[in-house]
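Structure record follows, encoded as structure tokens.
The values are calculated or read from the model by the stated rules, or taken from the named source; none is laboratory data. Since we're looking at a predicted model, the values are computed, not measured. Please note: Cβ atoms are built from the backbone with ideal geometry, for glycine as well, and neighbour counts cover all protein chains shown.
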Amino acid sequence: MSEKFKIYDQTEPYFVTFTVVKWVDVFTRNNYRDIIIDSLKFCQKKKGLIIYSYCIMTNHLHLVKGTKSGFRLENTIRDFRGFTSKKLKEEIELNPLESRKDWMLALFRYEGKRRASNEGFQLWKRNYHPIELDNHKLFEQKVEYIHRNPVKAGFVSEPEHYMYSSAVNYFGRTGILDVVIDY
């Protein structure tokens, strides 16, 4: 990872994007999105993850996230990506209704073989380019960008109508994940 994209200050929130290799639309099924949600909830409970904003799109996930004192964000990210990659692979393999199973698994295996450290399978693109949000204006800009993503994609007309996003939390309602709105 380049020097520009490293996590230096563990006390600041970071904007990150996790993208599926080749932009494969994995998260079109609820059971796949639920793996992401459950893993984020686990990381909140056990790994000190603080989520300020999130949005799960069909082939990528945006987050503004931080960590509680005593935790390292890069470790949480590593564990999240590793676990979800394995769990999604299993779910795709076992899903009898997955019409794209052979194609997706072949593509993820092909991408995995391109780098020895992948153990023959790669779901996530390697880099997630963490951007430190060290001021309120930048923080608000990234939260707005995340929440507008489903609107821009044409999924909903208003950000708070998209179920797999923290926008609903910012409108005073309870969303799927607990988020910290104050920065």
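Tabulated values for the structure
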{"quantity": "Which listed residue, of 139, 121, 155, is in a helix (DSSP H, G or I), touching a Phe, Trp or Tyr at 6+ places or on another chain (Cβ under 7 Å) and over 21 Å from residue 47 (Cα atoms)", "calculated": "139"}
{"quantity": "Residue in the range 92-99 that is of a type in the set (D, E, K, R), more than 15 Å from the chain's Cα centre (by Cα) and at pLDDT 95 or above present", "calculated": "yes"}
{"quantity": "Matching entry among 70, 112 (being loosely packed, with under 14 Cβ neighbours inside 10 Å and either without any contact (Cβ under 8 Å) to a residue 24 or more places away in the chain or within 20 Å of residue 57 (Cβ to Cβ) (or both))", "calculated": "70"}
{"quantity": "Any pair with Cβ under 6 angstrom, 6 or more apart, that starts in the range 4-33 at a residue that is on the phi > 0 side of the Ramachandran plot and touching a residue at least 60 places away in the same chain (Cβ under 8 Å) and ends at one that is in a helix (DSSP H, G or I) and of a type outside the set (A, V, I, L, M)", "calculated": "none"}
{"quantity": "Matching entry among 127, 118 (being surrounded by 12 or more Cβ atoms within 10 Å (Cβ to Cβ) and either within 20 Å of residue 55 (Cβ to Cβ) or aromatic (Phe, Trp, Tyr) (or both))", "calculated": "127"}
{"quantity": "Criterion (small (Gly, Ala, Ser) and modelled with pLDDT under 95) met by exactly one of 66, 70, 48", "calculated": "70"}
{"quantity": "Count - residues of the range 1-54 that are within 17 Å of residue 92 (Cα to Cα), polar (S, T, N, Q) and in contact with a Ser or Thr (Cβ under 6 Å, 6 or more places away or on another chain)", "calculated": "2"}
